[in-house]
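Participant: Can you read through this structure? Questions will come right after.
Laboratory data are not the source of any read-out in this text; all were calculated from the coordinates shown. If you're wondering where the values come from, they're calculated on a predicted model, not measured in any experiment. Please note: Cβ atoms are built from the backbone with ideal geometry, for glycine as well, and neighbour counts cover all protein chains shown.
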Amino acid sequence: MRSKAEAPSHCRRLTVRRLTPPPIAGNVQDVHPEEIEVSLAEKLRSQMSLPVIAAPMFIVSNPDLVIAQCTSGVIGSFPALNARPAEKLDEWLATIESALAAHRKAHPEAKIAPFAVNQIIHQSNDRLDHDLDLCVRHQVPMIITSLRSPADVVKRVHDYGGVVFHDVINVRHAQKALEAGVDGLVLVCAGAGGHAGTFSPFALVREVRQFFDGPIALSGAITDGNGVLAAEAIGADFAYVGTRFIATLEANADSRYKQMLVDSSATDIVYTPYFTGVHGNYLKPSVAAAGLDPDNLPVADKSKMNFGSAAGPKAWKDIWGAGQGVGNIHEVLPARALVARMCTEYEAARRRLGLGR
């Protein structure tokens, strides 16, 4: 294990020709060792209206939501497994690329963020090779990996100039991800929706910053611009926002799910491994509606995790994931209106603290 003072070799910085990167971001091949040293976080941020990465959410995230997020200036993402059947992924990628290119042409002055695809690195994901092949062919700007070591994915994505972020819940997982060569980390802290950790963001961010100075996205109950600024204040580069985007018009979620988010508060969240074998946060009312007692769930068997094409979506279709920030969700909005509101909140928070623009 590295000492606290030792920074890993993956804390690299990029030397680029310009502060305005190529139209579809993330291609780090288009760089030359000339004048200006710009970090990867700064390069991404230069294309964003707000330092937010929209989390990839199983079933919920789709091309319409991703396009609305990216054209609003935040990084949109979706799990590759959401495109079903597998052949649909090629169509989804082409649709997103085409829409972003058209928006960029129509609005050359606008900040249009890159998009990301989430890949589940697990032996049960029998689609991984197929889905990664398509991402490589389309040169997806950012890949977000989950669960196991992403070493093989990192090499293929770096070959075309893309970047890889890996989500982690503790320091050990963060160090392993960096050893695999990832470019950035997603720290999934207490209170995050879906699969989540138990550490306070104040603890985890500061520990990881002792050995990693690259891009960090922070996840855990962030629902507005105030939370985005708070994430930056404790040392993250980006806020990683999921649950708040479920309550948008574009999200592929049951209207009852969206309304439950509006009606719920933090006390309505249960943290359990029962549904997937991995600890996650879910809405208690959805658990109760499925005939289970959310306060007395059986112990789960982690070995039964299944992310393959034959895996049933019941855990996410009927048992609805959500983070502890639900108490700050009061209405369902178009995604672009939500981002605009978050930008306003973010700027107001900066002024309140005397930070200016």
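Participant: Suppose every Lys and Arg Cβ carries +1 and every Asp and Glu Cβ carries -1, with no other charges. What dipole size does the stretch 144-262 come out with about its Cα centre, to the nearest 20 debye?
Facilitator: Numbers: 10 positive and 12 negative charges, 62 e Å.
The calculated dipole for the stretch 144-262 is roughly 300 debye.
Participant: Which pairs in the list Lys88/Lys155; Lys155/Lys176; Lys105/Lys258; Lys105/Lys155; Lys111/Lys258 are over 22 Å apart, alpha-carbon to alpha-carbon?
Facilitator: Details: Lys88/Lys155 25 Å; Lys155/Lys176 15 Å; Lys105/Lys258 33 Å; Lys105/Lys155 32 Å; Lys111/Lys258 28 Å.
The answer is Lys88/Lys155; Lys105/Lys258; Lys105/Lys155; Lys111/Lys258.
Participant: For Ser77, which sequence-distant residues (separation of 5 or more, or a different chain) have an amide H within less than 5 Å of its own amide H, given hydrogens modelled in the peptide plane?
Facilitator: Long-range HN contacts for Ser77: Ala54, Ala116.
Participant: Let me ask another. Answer with one residue from Leu132, Ala151, Ala106: the one whose Cα lies farthest towards the positive end of the charge dipole of the stretch 24-167, charges on Cβ with Lys, Arg +1 and Asp, Glu -1.
Facilitator: Ala106
Participant: Whole angstrom only: what separates the Cα centroid of the stretch 223-267 from the Cα centroid of the stretch 179-193?
Facilitator: Going from one Cα centre to the other spans 17 Å.
Participant: Follow-up. Can you order the peptides 67-77, 130-140 by their average number of other Cβ atoms within 10 Å per residue, highest first? Write down the numbers at each step before the final one.
Facilitator: Working: 67-77: 26.2, 130-140: 18.5.
Top to bottom by mean Cβ count within 10 Å: 67-77, 130-140.
Participant: May I ask you to compute the full-extension gain from Ala233 to His330, defined as 0.36 nm times their residue separation minus their alpha-carbon distance, rounded to one decimal in nm? Walk me through the numbers before you get to the answer.
Facilitator: Details: separation 97, 0.36 × 97 = 34.92 nm, distance 2.56 nm.
Contour length minus the Cα-Cα distance gives 32.4 nm.
Participant: Apply 1/(1 + (r/R0)^6) to the Cβ-Cβ distance of Asp152 and Phe202, taking R0 = 35 Å, and write down the FRET efficiency to the nearest 0.05.
Facilitator: 0.55
Participant: Along Cα→Cβ, 7 Å out, is where each label goes; now give me the distance between the ones at Ser255 and Ala348 in nm to one decimal.
Facilitator: 3.0 nm
Participant: With θ taken as phi - 60° and the coefficients 6.51, -1.76 and 1.60, list the Karplus ³J(HN,Hα) couplings across the stretch 72-81 in order, rounded to whole Hz; mark glycine and proline as x.
Facilitator: 8, x, 10, 6, x, 8, 8, x, 4, 5
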